[in-house]
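Below is one structure; the comments refer to it alone.
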Amino acid sequence: MSDIISLLVAPLGSLLYFAYLLTGNVGWSIVIFSIVAKIVLFPLMRMAHLNSIRLLRLQPELYVIKKRYPHDKDQLNEEQYNLFQREKYSPLVGIIPLLVQLVLLMGMLQVMYDPLHHMRLPEGSDLRFLGIDLGLLPSLRNPSTELIMPFLSGIAALLFSLVQNAISPGALSQGKRTNLGLIVFTVFLSIYFAAVTPAGVGLYWAVGNLFAIITVTLLYYMYDPHKLAAEALAQKKSEQKTPAQLKQERERNKLNKSREKNEAKRFMSAKKQLVFFALTGGQYKYYKTVIDYLLAHSDIQIHYLTNDPDDAVFTNDNQQIVSYYAGHKKTISLMLKLECDILITTVPDLQTFHIKRSIAKSNIEYVHMFHAPVGTALVYKEKAFDFFDTIFCVGPHQAKELRRREEFANIKKRKLIKAGYGVYDMLLESYSRLQREREKASNSRPLVLIAPSWQSDNIIESCIDDVLFVLLNKGYTIIVRPHPQFIRLFPNRVSAMIERYNSYSNSNELVFELDFSESSSVYTADLLITDWSGIALEFSYCTSKPCIYINTPPKISNPNYKKYGFELMDFTIRSQVGISVEPIDIKKNLYEAVEKLLRGNEFSEQQIKESLSQYLYHPGKSGEAGGKYIISKLDAANSKSVQYELLGENTKT
């Protein structure tokens, strides 16, 4: 950098000398040079302005990415990089004008330290401008008119910052606090810089900032960010919290922090054999059948750690369950210091992400339970299950994929338990009870349930309007059931969708189901429309009814899934229990597919039951299967009489 500045000093001095010949005054030559520099830099400023508008347009997608991967920095960075590449946005473009201006500023600094030499002025030349000696440094010890320059520099910087924050796309894409912080920093830096350098440098900086106001205003009228990125700005405004909401959030966080401190201390001091860990309150349902079996057949104390302060487990008054709340960051340290015999969780990526194996006790048995009956090789990261000791498999497809992973990754064999899927058992029980109550009565109008996943480009994000365009006014009752995680992350998108179809709110034709404490729609529907959600198997296996799959882009967390050497269940199942429709063909083919499946001529109950036997262990008895394994490990009194099933063999302990 110093070499570049040294090379610039001579031409800068020559340019200033030329301006001096035109004006006969050093001060006016600096003013002219400052204006010319801004004009020359205008193409770079335009390029940065357009780049900032591009970023502003990307804000909705960036918001989605940050919501989807709040704790996975690697995945977040990868998704952001892919988005920037696709939209041709480069963060470096905005830095280029700043770097050029910095170099010019440093060059000007060198010139003004010895203006007579660099500007080739004769000895004794007058460096005064409006009563200010441009070659002198402002000094508090010897106050003079030069002291006005830091003040003018600060005022110019403040005016420029205020205008820029009001109209520039870069400021519009940032929060109010960030912009306020930048104003304070810019003004302070301008005052400080003008106070420790010759007054001529302060003049150059002040004039540059004033003329920059004209530049950003001109760019605003040429490329108005409010018009070019109206959608992004509207979303940003809708997401801004009111002062009352922010206050309530702060108070809640304060209470949760105090609660976390007490409960983390209680968790650490408790003597624990068995620990269940959940990220959200909704995960209890995946453990429920196993926990119910343990409560009924053992005295094992269940310690339940959750990241959700409102988890329903806190309303359970069974003395055999001890519940604790800890936030995400606190959980990381609790897990590192964990002391128990068995930890059970639905959270993958042990040791490769935020949850690490304990350093306090090396022989803890880490058990993974699945929260969906999907495969392991496509939607999970490549090493998602490598560091678990035991895995409760939903069905043979998971066991096959896990064993294949062990082979080509050359990792230790894990204990694979034939566990089944508890959520299916609960749905089946509810469905059977409902069928008895209704005596297999049919819906007065065909009931179509739309239940997408929450992954990127799901039905709601990509094609819900096309789907509803086809199905509305066709004599169906339609229930749209967004994924609970999607509602939690993107409430504004859900609200906007409901608002668009407000005209149907007073009829029974279209219903938006947002209460997940009740799942009756899952087993009363005549037909399910989904994308890649595991709810497809839950629905089809419980009701023996088929699905329609919208072929949105699949979630591929493991780009090496083809190494497994066989077609994965995630793809094969779609033809076994349903019909697939491409998003581009929704308006053309969806209605025909719906009618075909509602007539019941495409799939028989027997076909779906055969698929069930192919992909699900112990239908109706998963709680018993998982519970017996845990009892065999922890309950000394009952361990000798308990049987559990390992992959491919019966094991008696």
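Scanning segment 231-289 for residues that are closer than 24 Å to Asp72 by Cβ, basic (Lys, Arg) and at pLDDT below 80 returns a single hit, Lys236. Is there a residue being of a type in the set (S, T, N, Q), modelled with pLDDT under 90 and under 28 Å from the mean Cα position of the chain (by Cα) anywhere in segment 421-444? For segment 421-444, residues of a type in the set (S, T, N, Q), modelled with pLDDT under 90 and under 28 Å from the mean Cα position of the chain (by Cα): absent.
Let's see how each residue does on (1) assigned by TED's automatic domain parsing to the domain that holds Tyr113; (2) modelled with pLDDT of 85 or more; (3) under 24 Å from Leu172 (Cα atoms):
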residue	(1), (2), (3)
Ser34	yes, yes, no
Leu50	yes, yes, yes
Arg57	yes, no, yes
Gln75	yes, no, no
Glu79	yes, no, yes
Leu83	yes, no, yes
Arg86	yes, no, yes
Gly94	yes, no, yes
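Pull up segment 108-164, narrow it to residues that are in a loop (DSSP other than H, G, I, E, B) and in contact with a strand residue (DSSP E or B) (Cβ under 8 Å, 6 or more places away or on another chain), then point me to the one that is farthest from Phe188 (Cα to Cα). Here the answer is Leu127.
Residues that are touching a helix residue (DSSP H, G or I) at 6+ places or on another chain (Cβ under 9 Å) and in a helix (DSSP H, G or I) do occur in segment 542-557, at least one of them. The single condition from (1) under 28 Å from the mean Cα position of the chain (by Cα); (2) at pLDDT 95 or above; (3) not in a loop (DSSP other than H, G, I, E, B) that Leu416 fails is (1).
Part of a loop (DSSP other than H, G, I, E, B), in the same structural domain as Lys633 (by TED's automatic domain parsing) and either surrounded by fewer than 16 Cβ atoms within 10 Å (Cβ to Cβ) or not polar (S, T, N, Q) (or both): is that true of Lys329 in this structure? So Lys329 does not fit the description; no. Residues that are surrounded by fewer than 16 Cβ atoms within 10 Å (Cβ to Cβ) and either touching a strand residue (DSSP E or B) at 6+ places or on another chain (Cβ under 9 Å) or modelled with pLDDT of 90 or more (or both) within segment 597-611 comprise just one, Glu602.
If you check Leu50, Leu58 for being among the hydrophobic types (A, V, I, L, M, F, W, C) and in contact with a helix residue (DSSP H, G or I) (Cβ under 8 Å, 6 or more places away or on another chain), only one passes: Leu58.
Residues are listed down the side, and each one gets a yes or a no for (1) closer than 24 Å to Met47 by Cβ; (2) buried (at least 18 other Cβ atoms within 10 Å of the Cβ); (3) of a type in the set (Asp, Glu); (4) not assigned by TED's automatic domain parsing to the domain that holds Asp114:
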position: Pro138; (1), (2), (3), (4): no, yes, no, no
position: Ser144; (1), (2), (3), (4): no, no, no, no
position: Met149; (1), (2), (3), (4): no, yes, no, no
position: Ile155; (1), (2), (3), (4): no, no, no, no
position: Leu158; (1), (2), (3), (4): no, no, no, no
position: Ser173; (1), (2), (3), (4): yes, yes, no, no
position: Lys176; (1), (2), (3), (4): no, no, no, no
position: Val184; (1), (2), (3), (4): no, no, no, no
position: Phe188; (1), (2), (3), (4): no, no, no, no
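When residues in segment 527-541 are screened for being assigned to a loop (DSSP other than H, G, I, E, B) and buried (at least 21 other Cβ atoms within 10 Å of the Cβ), 3 of them pass. Would you confirm whether any residue within segment 378-395 is surrounded by 17 or more Cβ atoms within 10 Å (Cβ to Cβ), touching a helix residue (DSSP H, G or I) at 6+ places or on another chain (Cβ under 6 Å), assigned to a loop (DSSP other than H, G, I, E, B) and at negative phi? Yes, segment 378-395 contains a residue that is surrounded by 17 or more Cβ atoms within 10 Å (Cβ to Cβ), touching a helix residue (DSSP H, G or I) at 6+ places or on another chain (Cβ under 6 Å), assigned to a loop (DSSP other than H, G, I, E, B) and at negative phi.
The values are calculated or read from the model by the stated rules, or taken from the named source; none is laboratory data. What you are looking at is a predicted structure, and each value in this text was computed from that prediction instead of being measured. Note: ideal-geometry Cβ built from the backbone for every residue, glycine included; neighbour counts use all protein chains shown.
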